[in-house]
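Notes to accompany the following structure.
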Amino acid sequence: MTGNARSAASSPHRPEPLPPAPGEERSPALALVNTLTTRGGTPVDELDTPRRAARWLADRRLTDDGLSLDAAELDGLHRLRQAVRGLLDAAVTGRAPDARWVESVNRALSAAPVTATLAWPAGGQPSRHTRVAADRPVARALHRLADDTVSLLCGPDAEALAACPADGCARLLLRTHGRRQWCCTRCGDRVRAARHYARRRAAADLSTD
């Protein structure tokens, strides 16, 4: 994100946050890409500062509360978001993705490899657990976001991935219901209002002919 865009996004006159788009509750990767939107032609970035990014990660249980991000970690989160957005857009449009996006996701996965561990408490049953091996909590969070990206692209939800068709909306969603088209009620109301206005204008034009 450019310096101008970041400055605009961190303006004190930030618009009210949009409600989560359908699918965000089960896909943190989808929620990640929807943190960067355009509202009224102005970029709005929910992760524009280390503090907001840390809060977002903790709210989605990707990290614990009280995490502090440094500038490099915030930049890494932004870079992964850009790559995930590119990959999801490619899936929606059917275009081939940029190889750099694939590399960015794979880098996040390899930076925090997963190891399997066995637990067998006294008097209990054995169970298998996985552990993300990384020194920093942010690296583990990026791994989970990258892993969810792969699951979203390669799993059954890939067919439900869609872009909100409302004009000016940049959010993605999962069509979890056959009749659901918009990312939120606000977009749906805006589109219906625009259609109603267009019909009235067309009728007025016909009446003056």
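Side notes on the structure shown:
- Qualifying positions in the range 76-96 - over 16 Å from the mean Cα position of the chain (by Cα) and either surrounded by 17 or more Cβ atoms within 10 Å (Cβ to Cβ) or in a helix (DSSP H, G or I) (or both): Thr93
- Given (1) among the hydrophobic types (A, V, I, L, M, F, W, C); (2) surrounded by fewer than 21 Cβ atoms within 10 Å (Cβ to Cβ); (3) modelled with pLDDT of 95 or more, number of the condition Ala5 does not satisfy: (3)
- Those residues of the range 157-168 which are of a type outside the set (D, E, K, R) and touching a Leu at 6+ places or on another chain (Cβ under 9 Å), in sequence order: Ala158, Ala160, Leu161, Ala162, Ala163, Cys164
- Screening the range 141-151 for residues that are out of contact with any Gly (no Cβ under 9 Å at 6 or more places or on another chain) and among the hydrophobic types (A, V, I, L, M, F, W, C) and picking the one that is nearest to Ala54 (Cα to Cα) gives Ala141.
- Checking Ala53, Ala83, Ala58 one by one, the residue that is among the aliphatic types (A, V, I, L, M), under 18 Å from Arg171 (Cα atoms), modelled with pLDDT of 95 or more and out of contact with any Cys (no Cβ under 8 Å at 6 or more places or on another chain) is Ala83 and no other.
- Of the residues making up the range 106-126, those that are at pLDDT 90 or above and either of a type in the set (Gly, Ala, Ser) or surrounded by 15 or more Cβ atoms within 10 Å (Cβ to Cβ) (or both) are Arg107, Ala108, Leu109, Ser110, Ala119, Ala122, Gly123, Gly124.
- Answer residue from the range 127-146, given it is loosely packed, with under 15 Cβ neighbours inside 10 Å and modelled with pLDDT of 90 or more and is nearest to the chain's Cα centre (by Cα) among those: Arg128
- Arg100 being over 28 Å from Arg186 (Cα atoms), under 15 Å from the mean Cα position of the chain (by Cα) and assigned to a helix (DSSP H, G or I): no
- Residue in the range 31-45 that is among the basic types (Lys, Arg) and modelled with pLDDT of 90 or more present: no
The values are calculated or read from the model by the stated rules, or taken from the named source; none is laboratory data. The structure presented is a predicted model; accordingly, all values stated were derived computationally and were not measured. Here the Cβ is made from the backbone with ideal geometry for all residues, glycine too, and neighbour counts use every protein chain on show.
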